[in-house]
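Report on the structure given below.
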Amino acid sequence: MTESLAIRKFSDLANPTCFLALAERVLPWLAALCCVLLAVGLFLSFTTEGDYQQGDTVRIMYIHVPAAWLSMMCYSVMALSAIGTLVWRHPLADVSHKAAAPLGAAFTLIALVTGSLWGKPMWGTWWVWDARLTSVFILFLMYLGLIALNRSMDDPSRAARVSAVLILVGFVNIPIIKFSVDWWNTLHQPASVIRLDGPTIDPEFLWPLLIMAVAFTLLFFCLHIMAMRNEIWRRRVATQRRLAARMAGRGD
Amino acid sequence: MTHAFYIVTAYAVTAAVVLSLIAWTFFDGRARRRELAELDAKGLRRRGTAAPGGAPSP
């Protein structure tokens, strides 16, 4: 009984009209919470102490690390949506992975640029072709490829199915990015926050980092919900225009 | 502040990308709302859906 109710609730949410109503209610709260956390995170980012080795460049970490996490989380959201497209053929899943791709590309770009701006003063170079940096660069190219693919096909459901297959094939890059620093000898340092034995960084740096990470995650979900809503409206406009053209054709 | 150029550039690039993303999403949504409202004004509406800001159509 409870299970069927839960399934019905989930399928109600998956209905585009219900999704639009829910988005209207949720977005202002999500945006407000994101702004508050972003303000607190930025305040802490510039008021906490610098690192004894890195100096003030540690402040770049408070935007670089959340952006890098989001670049992988966004692709994981797209992979889950791709399963929704291929297994349940649900139109909202198509909308979800199409809307997420530009956001993923933007956060990956931020991670690459801020990483490079940290690398120059700390490593002495803007870029090295080590496993972590190269795999993240490939992720960026994959996002661009998926955006181009979606825009090159007129039929949205066909584009969604082709994109979904490519997204799932490309998902192999996510564990490669995560574990590249353990599997290969990289210039990029290994994980210092998400570790089995707990974070190894000082709380002075951990707090601003975590608050900025939550703020960036909320920003992603705000933008994703907005972009999904735009895509639903875009498809409705296209459907109504087709309908209008058909009606005009019958009238001739 | 040590290495101010790198820190300021990193935050500026991040702000520019995030603000562009927010603006693009917001203006895209506004344009779609306007298109739906125009179609609605012409009497073209999907069955069972509400016009933006209006009551559900019969």
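The values are calculated or read from the model by the stated rules, or taken from the named source; none is laboratory data. What you see is a predicted model, and the numbers here were worked out from it, not measured in a lab. Note that each Cβ is placed from the backbone with ideal geometry, even for glycine, and that neighbours are counted across all protein chains shown. These accessible areas exclude ligands, DNA and RNA; they are computed on the full protein's heavy atoms, side chains included. Shrake-Rupley method; radii C 1.70, N 1.55, O 1.52, S 1.80 Å.
Show me, for the stretch A:21-35, the HN-Hα J-couplings you get by feeding each phi into the Karplus relation (A = 6.51, B = -1.76, C = 1.60, θ = phi - 60°), rounded to Hz, glycine and proline as x.
Running phi through 6.51 cos²θ - 1.76 cosθ + 1.60 with θ = phi - 60° gives 5, 5, 4, 4, 7, 7, 3, x, 5, 4, 5, 5, 4, 4, 4 Hz.
Find the accessible area per residue for the stretch A:126-252; the probe is 1.4 Å, ligands and nucleic acids are left out, and the unit is Å². Kindly include the intermediate steps, with their values, before the conclusion.
Numbers: 7040 Å² over 127 residues.
Counting only protein heavy atoms, the per-residue value for the stretch A:126-252 is 55 Å².
If you average 1/r over every pair of different alpha-carbon atoms in the protein assembly as shown and take one over that average, what Kirkwood value in Å do you get? Provide the component values of the computation, followed by the final result.
On the way: mean 1/r = 0.0467 Å⁻¹.
One over the average 1/r among Cα pairs gives 21.4 Å for the protein assembly as shown.
Taking beta carbons within 10 Å but only from partner chains, what does the mean come to for residues A:106-112? Mind showing how you got there, number by number?
On the way: counts 6, 4, 0, 3, 8, 1, 0.
Counting other chains' Cβ atoms within 10 Å and averaging over A:106-112 gives 3.
Give me the dipole magnitude in Debye, nearest 20, for the protein assembly as shown about the Cα centre, with unit charges on the beta carbon: positive for Lys and Arg, negative for Asp and Glu.
On the way: 29 positive and 20 negative charges, 375 e Å.
Dipole of the protein assembly as shown, to the nearest 20 debye: 1800 debye.
Mind listing the phi-derived Karplus ³J(HN,Hα) values for the stretch A:203-220, rounded to whole Hz, using 6.51, -1.76 and 1.60 with θ = phi - 60°, and x for any glycine or proline?
x, 4, 9, 5, 4, x, 5, 5, 5, 5, 5, 5, 4, 5, 5, 5, 4, 4
With all protein chains present and a 1.4 Å probe, how do A:246, A:234, A:151, B:32 order by accessible area, largest first? Don't jump to the answer; show the numbers that get you there.
On the way: A:246 130, A:234 80, A:151 170, B:32 35 Å².
The most accessible residue leads, giving A:151, A:246, A:234, B:32.
Taking square-rooted eigenvalues a ≥ b ≥ c of the alpha carbon gyration tensor, is the stretch A:161-225 rounded, prolate or oblate, where a/c under 1.5 means rounded and, failing that, a/b exceeding b/c means prolate? Could the numbers behind the result be given before it?
On the way: a/c = 3.29, a/b = 1.24, b/c = 2.65.
It is oblate, given that a/c is not under 1.5 and a/b is not larger than b/c.
Relative contact order (percent) for chain A, with alpha-carbon contacts under 8 angstrom and 6 or more residues of separation? Present the calculation step by step, with values, prior to reporting the outcome.
Working: 255 pairs, mean separation 74.9, N = 252.
Computed value for chain A: 30 percent relative contact order.
Could you pull the accessible area for residue A:172 with a 1.4 Å probe, rounded to 10 Å²?
Taking all protein chains as shown, residue A:172 has close to 90 Å².
If I compute solvent accessible area with a 1.4 Å probe over the protein chains, what percent of it on the stretch A:157-241 is carbon and sulfur?
Details: 2870 of 4220 Å².
It is 68 percent, rounded to a whole number.
I want to check the label-to-label distance for residue A:246 and residue A:155. Put each point 7 Å from Cα in the C-beta direction and report it in nm to one decimal.
For the pair residue A:246/residue A:155, the computed spacing is 1.6 nm.
Convert each backbone phi in the stretch A:89-102 into a coupling constant with the Karplus relation 6.51 cos²θ - 1.76 cosθ + 1.60 (shift: θ = phi - 60°), then list the ³J(HN,Hα) values in order as whole Hz, x for Gly and Pro.
Once θ is set to phi - 60°, the couplings for the stretch A:89-102 become 6, 8, x, 5, 5, 4, 4, 4, 6, 5, 6, 7, 4, x Hz.
May I ask for the accessible area buried between chains B and A, both sides summed, probe 1.4 Å, to the nearest 100 Å²?
Working: alone 5250 and 14600 Å², together 16670 Å².
So the total buried area for this chain pair works out to about 3200 Å².
Using a loss threshold of 10 Å², tell me which positions in the stretch A:53-85 are less accessible in the complex than in their chain alone. Probe radius 1.4 Å, ligands and nucleic acids ignored.
A:56, A:57, A:59, A:60, A:63
Quick one: angle between helix A:2-14 and the longest Cα principal axis of chain A, in degrees between 0 and 90, rounded to 10, please.
Tilt of helix A:2-14: around 90 degrees.
Once the convex hull of the alpha carbons of the stretch A:3-156 is built, what does its volume come to per residue, in cubic angstrom?
159
Arrange the residues A:194, A:138, A:211 by how much accessible surface each exposes, largest first, with a 1.4 angstrom probe.
Values: A:194 110, A:138 80, A:211 30 Å².
Sorted descending by solvent-accessible area, the residues read A:194, A:138, A:211.
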